[in-house]
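Participant: A single structure is presented below for examination.
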Amino acid sequence: RYEPTWGSLDARPLPAWFDEAKFGVFIHWGVFSVPSFGSEWFWWYWQKEKREPYVKFMDANYPPGFSYEDFGPLFTAEFFDPNQWADILKASGAKYVVLTSKHHEGFTLWGSKYSWNWNAVDVGPKRDLVAELATSVRNRTDLHFGLYHSLFEWFNPLFLEDATNAFNTSKFPTSKSLPELYEIVTKYQPEIIWSDGDGNAPDTYWNSTGFLAWLYNDSPVRDTVVTNDRWGVGSICAHGGFYTCSDRYNPGRLLPHKWENCMTIDRGSWGYRRDARLRDYLPIEDLVKQLVETVSCGGNLLMNIGPTHDGRIAVVFEERLRQVGSWLEVNGEAIYGTKPWRAQNDTVTPGVWYTFTPKEGKVNALFLNWPVSGILELGEPQAKPGETQVKLAGYRELLKWVALGEKGMVIALPQLTPQQMPCQWGWTLQLTDV
């Protein structure tokens with residue numbers, strides 16, 4: 001049994017499914033999806049920091065005295081079709097999904113007993129959005145279902161009172177945050193608990209180790225659940241299950257601990273923004289690059305979309321997800337279930353990243369630029385004449401190659417028209433016996 005100490009909890013092995021999955025989809029959805037302006041931090045920027053664009057937006061578009069709480073009933077979700085969402089998630093090639101059950105605004109997407117009149121069953125959609133998505137994902141896909149949960153809430157009076165007391169009192173975690181965590185685990189049995197928002201309070205204030213000990217010892221998901229590292233000041237990149245270290249974390253090198261790169265398709269926001277421009281959305285080439293670099297360095301990629309207040313996954317997000325899925329249909333063997341190789345990227349040709357498939361003993365060289373010459377030079381693999389074979393994923397015939405002394409090889413790529421290409425945006429060479 002695990003003790004409620006970091007020493008004991010950190011020794012728990014990460015369930016194997018998470019490392020093998022490699023790719024997940026993050027969904028930021030909540031009351032902030034109603035103004036859908038600027039950022040999911042809308043309430044904080046408008047009311048606390050009084051940032052000019054937010055104040056002007058409210059003055060121009062809403063009556064005097066309109067409060068953030070007044071957005072609650074406008075979070076309607078009338079077009080929310082959990083089956084359609086599940087089908088898009090499946091088509092993306094993702095192996096897990098993480099939904100924001102509650103963001104820093106404190107609004108819960110389930111009918112929480114601890115969030116009276118500030119939840120999706122009492123206000124707005126009048127639906128248990130967490131339950132609906134969990135059911136559809138489990139019935140229609142093989143994705144693991146996970147939940148994001150914010151520890152703190154910007155304007156909760158109990159939290160503000162504890163903060164004033166320098167966190168020597170703990171009214172908020174004992175009456176709100178912890179009961180919610182126990183509630184979502186017992187009710188929805190998520191296989192990921194993605195914690196966030198420490199509110200500048202230590203893990204002792206949140207009783208994070210007590211909760212995690214229960215989660216790992218006695219909860220209904222104790223054998224399969226994975227957790228991240230955001231459990232209080234000082235725990236990020238140091239304690240918990242997998243490390244997130246910071247938003248959009250992509251170190252470009254191998255790390256000694258399992259990590260995740262959580263990033264957004266919309267460069268500027270995690271929630272939906274009506275004011276986003278096309279240039280704000282990462283093109284598919286960038287998303288494939290992020291995936292390849294992240295997996296090569298031992299990480300998982302968690303790619304975020306922000307649905308609309310009425311429950312739609314905007315067409316641009318759906319397109320990106322389906323594009324990633326079509327790419328993974330061809331190159332998935334070089335991503336799912338792989339391990340980092342001895343070299344992460346090539347020493348001679350930039351834009352070449354390596355993964356290793358232990359089952360077949362294959363080295364995968366993922367290259368992001370198709371060379372004009374049709375010749376690809378790799379500095380890292382040591383080829384064995386007469387034994388090494390080179391295959392292009394999605395193309396039938398073996399490729400010709402020449403060894404370069406002790407280390408390195410030159411590979412002749414097939415001459416293909418754009419229509420004959422097995423995929424776009426990045427390709428995989430499968431090397432056996434190197």
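Participant: Using the alpha-carbon atoms, what tilt in degrees (0 to 90, nearest 10) does helix 129-140 show relative to the longest principal axis of the chain?
Facilitator: Compared with the principal axis, the helix lies near 30 degrees.
Participant: Which of the lysines could a cross-linker bridge to K90, judged by Cα under 17 Å and excluding same-chain residues fewer than eight apart?
Facilitator: Cα-Cα hits under 17 Å: K22.
Participant: On a 1.4 Å probe surface of the protein chains, which of T169, T357 comes out largest in accessible area, and what is the full order? Mind showing how you got there, number by number?
Facilitator: On the way: T169 50, T357 15 Å².
Reading off the accessible areas and sorting them downward yields T169, T357.
Participant: In whole percent, and with a 1.4 Å probe on the protein chains, what portion of the accessible area of the chain is carbon and sulfur?
Facilitator: Roughly 51 percent, rounded to a whole number.
Participant: Place the peptides 245-254, 60-69, 74-83 in order of packing, highest mean first, counting for every residue the other Cβ atoms within 10 Å and averaging per peptide.
Facilitator: Per-residue mean Cβ counts within 10 Å order the peptides as 74-83, 245-254, 60-69.
Participant: Now for a different question. When DSSP assigns beta bridges and you keep just the ones with both residues in the chain, what percent turn out antiparallel, to the nearest 5?
Facilitator: Bridges in the chain that DSSP calls antiparallel: roughly 45 percent.
Participant: With point charges of +1 on the Cβ of Lys and Arg and -1 on the Cβ of Asp and Glu, referenced to the Cα centre of the chain, which listed residue (G65, F172, W85) lies farthest in the positive direction of the dipole?
Facilitator: So the residue furthest toward the plus end is W85.
Participant: If you check each cysteine of the chain for another cysteine whose beta-carbon is under 4.7 Å away, which ones come up empty?
Facilitator: C262, C297, C423
Participant: If you don't mind, there's one more thing I want to ask. Give me a comma-separated list of calculated 3J(HN,Hα) values for the stretch 158-173, in order, Karplus coefficients 6.51, -1.76, 1.60 applied at θ = phi - 60°, integers in Hz, x for any Gly or Pro.
Facilitator: Working through the residues one at a time gives 5, 5, 4, 5, 4, 5, 4, 8, 6, 6, 7, 9, 9, 4, 5, x Hz.
Participant: On a 0 to 90° scale, report how tilted helix 284-296 is relative to the longest principal axis of the chain, with both axes built from alpha carbons and the result rounded to the nearest 10.
Facilitator: Here the helix axis deviates by roughly 80 degrees.
Participant: For the chain, compute the orientation-averaged projected area of the C-alpha convex hull (one quarter of its surface), in nm².
Facilitator: Taking a quarter of the hull surface, the average projection is 22.5 nm².
Participant: At a 10 angstrom cut-off on C-beta neighbours, averaged per residue, how do the peptides 43-51, 210-218 rank from highest to lowest? Let's see the in-between values first.
Facilitator: Values: 43-51: 16.0, 210-218: 18.6.
Taking the mean over residues of other Cβ atoms within 10 Å, the ranking is 210-218, 43-51.
Participant: Another one. To the nearest 20 debye, what charge dipole does the stretch 6-334 have about its Cα centre, counting +1 at the Cβ of each Lys and Arg and -1 at the Cβ of each Asp and Glu?
Facilitator: Numbers: 31 positive and 42 negative charges, 38 e Å.
It comes to approximately 180 debye.
Participant: Take peptides 405-417, 297-309 and line them up by average Cβ neighbours within 10 Å, highest first, as a rough protection proxy.
Facilitator: Working: 405-417: 13.7, 297-309: 23.8.
Descending mean neighbour count gives 297-309, 405-417.
Participant: Determine the calculated [θ] at 222 nm for the chain from helices alone, applying -39500 (n - 2.57) to every DSSP H run no shorter than 4 residues and normalising by the residue count; nearest 500 deg cm²/dmol. Before the final figure, lay out the partial values.
Facilitator: Details: 11 runs with 105 residues, N = 434.
Only helices count here, giving -7000 deg cm²/dmol.
Participant: Classify the stretch 158-271 as rounded, prolate or oblate from the Cα gyration tensor: take a ≥ b ≥ c as the square roots of its eigenvalues, call it rounded if a/c is under 1.5, otherwise prolate when a/b beats b/c and oblate if not.
Facilitator: Oblate is the answer for the stretch 158-271, as a/c is 1.5 or above yet b/c matches or exceeds a/b.
Participant: Can I ask one more? Which links in K102/K176; K362/K407; K258/K391; K50/K176; K339/K391 stretch past 22 Å when you go from one Cα to the other?
Facilitator: Checking Cα-Cα distances, K258/K391; K50/K176 exceed 22 Å.
Participant: How far, in degrees from 0 to 90, does helix 82-91 lean away from the longest principal axis of the Cα atoms of the chain, to the nearest 10?
Facilitator: It works out to around 20 degrees.
The values are calculated or read from the model by the stated rules, or taken from the named source; none is laboratory data. What you see is a predicted model; the values in this text were computed from it and never measured. Note that each Cβ is placed from the backbone with ideal geometry, even for glycine, and that neighbours are counted across all protein chains shown. Note: accessible area is taken over every heavy atom of the protein model, side chains too, but ligands, DNA and RNA are not part of it. Shrake-Rupley method; radii C 1.70, N 1.55, O 1.52, S 1.80 Å.
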